[in-house]
Amino acid sequence: QIDEQGIHFTSAKTGERQLIERTPALAEVLNRLKQQRPVRGLHVICTTRGQPYSTYGFSSIWRRRRDAALSEGRIRETYTWHDIRAKSATDAEEQGLNAQHLLGHTTPEQTRVYLRSKRVTRAKPVTPKMDQNR
């Protein structure tokens, strides 16, 4: 369900209704998808017949394109399409956004599993006080 607000969907796991808000970047992606293939069904990413991809079909396309990008040097490491979820959660947290809401989790513990922050926390060492009587 796409409208001017964004993309509406219901989480398959929790049944929670969610909205991914329309941003200029999302609008750009949706426009590019429309230009690549005319809309023939209700699915944004679909087969030439307008049907959703099967998990196997989508994974197969993903692997082929990922491997081509790897061999052409456009990416340096291999990853799966499931890694996008962790990347979006990590980016959201680092931007001060609510990663838990983005992922539709009910507890912070569920979200922590997905976070892949490379941020380093710094700590200053304690300076011991010198004993004057020594």
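The values are calculated or read from the model by the stated rules, or taken from the named source; none is laboratory data. Remember, predicted model here, so these are calculated numbers, not experimental data. All Cβ positions, glycine included, derive from the backbone under ideal geometry; neighbour counts span all protein chains shown. To get the accessible areas, we keep the full protein, side chains included, count just its heavy atoms, and leave off ligands, DNA and RNA. Shrake-Rupley method; radii C 1.70, N 1.55, O 1.52, S 1.80 Å.
Conditions first: (1) open to solvent by 100 Å² or more (accessible area, probe 1.4 Å); (2) modelled with pLDDT under 90; (3) out of contact with any Asp or Glu (no Cβ under 7 Å at 6 or more places or on another chain). Residue 119 passes all but one, so which condition is the exception?
(3)
Would you mind telling me which numbered condition in (1) open to solvent by 60 Å² or more (accessible area, probe 1.4 Å); (2) part of a helix (DSSP H, G or I); (3) touching a helix residue (DSSP H, G or I) at 6+ places or on another chain (Cβ under 8 Å); (4) within 18 Å of residue 12 (Cα to Cα) residue 101 fails?
Single failed check for residue 101: (3).
Considering each residue of the stretch 41-64, count those that are charged (D, E, K, R) and under 23 Å from residue 79 (Cβ atoms), and give that number. Lay out the reasoning, then the answer.
Taking the stretch 41-64 as the starting set, the residues that turn out to be charged (D, E, K, R) are 49, 63-64.
Cutting the leftovers down to under 23 Å from residue 79 (Cβ atoms) gives us 63-64.
Number of matching residues: 2.
In the stretch 1-44, what count of residues is obtained for those that are open to solvent by 100 Å² or more (accessible area, probe 1.4 Å) and part of a loop (DSSP other than H, G, I, E, B)? Explain how you work it out, then say what you get.
As a first pass, look at the stretch 1-44 and keep what is open to solvent by 100 Å² or more (accessible area, probe 1.4 Å): 1, 4-5, 12-13, 17, 21, 24, 32, 34-36, 39-40, 42.
Filter once more, keeping what is part of a loop (DSSP other than H, G, I, E, B): 1, 4-5, 12-13, 39-40, 42.
Adding up the residues that qualify gives 8.
List pairs: first in the stretch 5-34 and over 18 Å from residue 89 (Cα atoms), second open to solvent by less than 60 Å² (accessible area, probe 1.4 Å) and at pLDDT 90 or above, Cβ under 9 Å, 6+ apart or cross-chain?
Pairs that qualify, where the first residue is over 18 Å from residue 89 (Cα atoms) and the partner is open to solvent by less than 60 Å² (accessible area, probe 1.4 Å) and at pLDDT 90 or above, are 6/26.
I need the full set of residues from the stretch 66-98 which are hydrophobic (A, V, I, L, M, F, W, C) and under 22 Å from residue 11 (Cα atoms), in order please. Step through it out loud before you land on a result.
Initially, the stretch 66-98 is screened for residues hydrophobic (A, V, I, L, M, F, W, C), giving 68-70, 75, 81, 84, 86, 89, 92, 97.
If the condition is that a residue be hydrophobic (A, V, I, L, M, F, W, C) and under 22 Å from residue 11 (Cα atoms), then 81, 84, 86, 89, 92, 97 are the ones that fit.
Please determine whether any residue of the stretch 74-86 is open to solvent by 60 Å² or more (accessible area, probe 1.4 Å), over 22 Å from residue 115 (Cα atoms), over 15 Å from the mean Cα position of the chain (by Cα) and free of Cβ contacts under 8 Å to residues at least 40 places away in the same chain.
The answer is yes, given that some residue of the stretch 74-86 is open to solvent by 60 Å² or more (accessible area, probe 1.4 Å), over 22 Å from residue 115 (Cα atoms), over 15 Å from the mean Cα position of the chain (by Cα) and free of Cβ contacts under 8 Å to residues at least 40 places away in the same chain.
Can you tell me which residue among 97, 33, 70 is over 14 Å from the mean Cα position of the chain (by Cα) and modelled with pLDDT of 90 or more?
On the way: 97 fails: over 14 Å from the mean Cα position of the chain (by Cα); 33 fails: modelled with pLDDT of 90 or more.
None of the others qualify; the one that does is 70.
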